[in-house]
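The values are calculated or read from the model by the stated rules, or taken from the named source; none is laboratory data. If you're wondering where the values come from, they're calculated on a predicted model, not measured in any experiment. Neighbour counts run over all protein chains shown; Cβ positions are idealised from the backbone, glycine included.
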Amino acid sequence: MISYRHHIVSLVAVFLALAVGVALGGGPLSDLGRDDRPVSAATAPRGQAASAATYGDEFATASATALYADALRGRAVSVLTMPGADPDTVSALAAQVEAAGGTIAGTYDVQAALTDPSEKSLVDTLGSQLADQLDAGAVSTDASTYVRIGQLLGLAVSGGGDVPSSDTSTVRQGLAGAELLSSPEDAAPAPAVLVVLGDSTNAAILSGVVTGLADRATGVVVAGSESGLADLRAEPDAGQAATVDGVEKPLGQVTAVLAVIRSFSVQGGSFGASGSDGAVPVT
């Protein structure tokens, strides 16, 4: 039997999806009321689409706390920013995590060299050296360069389950020493990781990093713009991580935190205005 709360969440999700559809000028209602007569600027105000988009953001902001239902109470989330991530978007996402009852365990900044194709030799060498210093099984021995560095990132920000804290510290220090990752001091690992994209990153590199990260964290949500996620979504190996587009706006930020909540029990999924699994995760 569907619970009352689940029913309400489903209805809200429908309204959010409609808001996105109206904002984009598409969806099942886009053809209603049309006829063959030419439409003038006076009868079709230019601000109509903007008003619809604003409504979607206002609706998401107003209903976010009720939607979250304190589902992150007692849970911690690590934030991992990719090169060029917008600080305002990162701050807004952190505020939404806290609105859901969660805490930000730490914010980690991936440095440009880690995703720079010309620095692959550095990434490969360091990854191999760190893997040799860790307990057996901490990193897959047959992992490729960027999957391995992604697994190491997972150990640094989420702890990777039963991995001793000494391994976590070793990885953080190694990545920081090579100027591949900036880590907060004394931050505790967190099982869920919210990755915030920035400038365009090579799709294969990003896919490898996200794949490795998802191998070690309980849940991974990658948040970015629609264009920034397009290539990652086309990579089949990144399927364990959920993706959410449109996070530069409140509607996408709320959706991203709903995906984080979901990631504690269900991994993967593609959400947002162009998400293949729907506008909003509801399970």
Practice item. Within the stretch 159-177, identify whether any single residue is touching a residue at least 60 places away in the same chain (Cβ under 8 Å) and either more than 24 Å from LEU126 (Cα to Cα) or surrounded by fewer than 19 Cβ atoms within 10 Å (Cβ to Cβ) (or both), and answer yes or no. Key: no
Check your understanding: For the subset of the stretch 114-131 comprising residues that are aliphatic (A, V, I, L, M) and over 21 Å from the mean Cα position of the chain (by Cα), which member is farthest from ALA187 (Cα to Cα)?
Key -> LEU122
**Study point:** the stretch 209-228, subset surrounded by fewer than 24 Cβ atoms within 10 Å (Cβ to Cβ) and in contact with a strand residue (DSSP E or B) (Cβ under 7 Å, 6 or more places away or on another chain), residue nearest to ALA94 (Cα to Cα)
**Key:** SER225
Exercise for review: Being modelled with pLDDT of 90 or more, part of a loop (DSSP other than H, G, I, E, B) and either touching a strand residue (DSSP E or B) at 6+ places or on another chain (Cβ under 7 Å) or of a type in the set (D, E, K, R) (or both) is the filter here, so list the residues in the stretch 229-272 that pass it.
Suggested key: ALA241, VAL247, GLU248, LYS249, PHE264, GLN267, GLY268, GLY269, GLY272
Review point. Within the stretch 200-210, can one find any residue that is under 13 Å from the mean Cα position of the chain (by Cα), part of a strand (DSSP E or B) and closer than 20 Å to ARG262 by Cα?
Key: no
Revision key, fill the gap. (1) in contact (Cβ under 8 Å) with a residue 12 or more places away in the chain; (2) part of a loop (DSSP other than H, G, I, E, B) all hold for ASP277 apart from (1)
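Yes/no per residue for (1) among the small types (Gly, Ala, Ser); (2) part of a helix (DSSP H, G or I); (3) surrounded by 10 or more Cβ atoms within 10 Å (Cβ to Cβ); (4) at pLDDT 60 or above:
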site	(1), (2), (3), (4)
LEU32	no, no, no, no
VAL39	no, no, no, no
ALA42	yes, no, no, no
VAL90	no, yes, yes, yes
ALA95	yes, yes, yes, yes
GLY106	yes, no, yes, yes
ASP109	no, no, yes, yes
Practice item. Give the residues of the stretch 241-283 that are closer than 29 Å to SER144 by Cα, of a type in the set (S, T, N, Q) and surrounded by fewer than 17 Cβ atoms within 10 Å (Cβ to Cβ), sorted by residue number. Key: SER265, SER276
Review point. With ALA131, ALA187, ALA138 as the choices, which residue is modelled with pLDDT under 95, surrounded by 15 or more Cβ atoms within 10 Å (Cβ to Cβ), part of a loop (DSSP other than H, G, I, E, B) and in contact with a Leu (Cβ under 8 Å, 6 or more places away or on another chain)?
Key: ALA138
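I need a count of the residues in the stretch 64-82 that are part of a strand (DSSP E or B) and either surrounded by fewer than 20 Cβ atoms within 10 Å (Cβ to Cβ) or without any contact (Cβ under 8 Å) to a residue 12 or more places away in the chain (or both).
Filtering the stretch 64-82 down to residues part of a strand (DSSP E or B) leaves 76-81.
Filter once more, keeping what is either surrounded by fewer than 20 Cβ atoms within 10 Å (Cβ to Cβ) or without any contact (Cβ under 8 Å) to a residue 12 or more places away in the chain (or both): 76.
Residues flagged as part of a strand (DSSP E or B) and either surrounded by fewer than 20 Cβ atoms within 10 Å (Cβ to Cβ) or without any contact (Cβ under 8 Å) to a residue 12 or more places away in the chain (or both) within the stretch 64-82 amount to 1.
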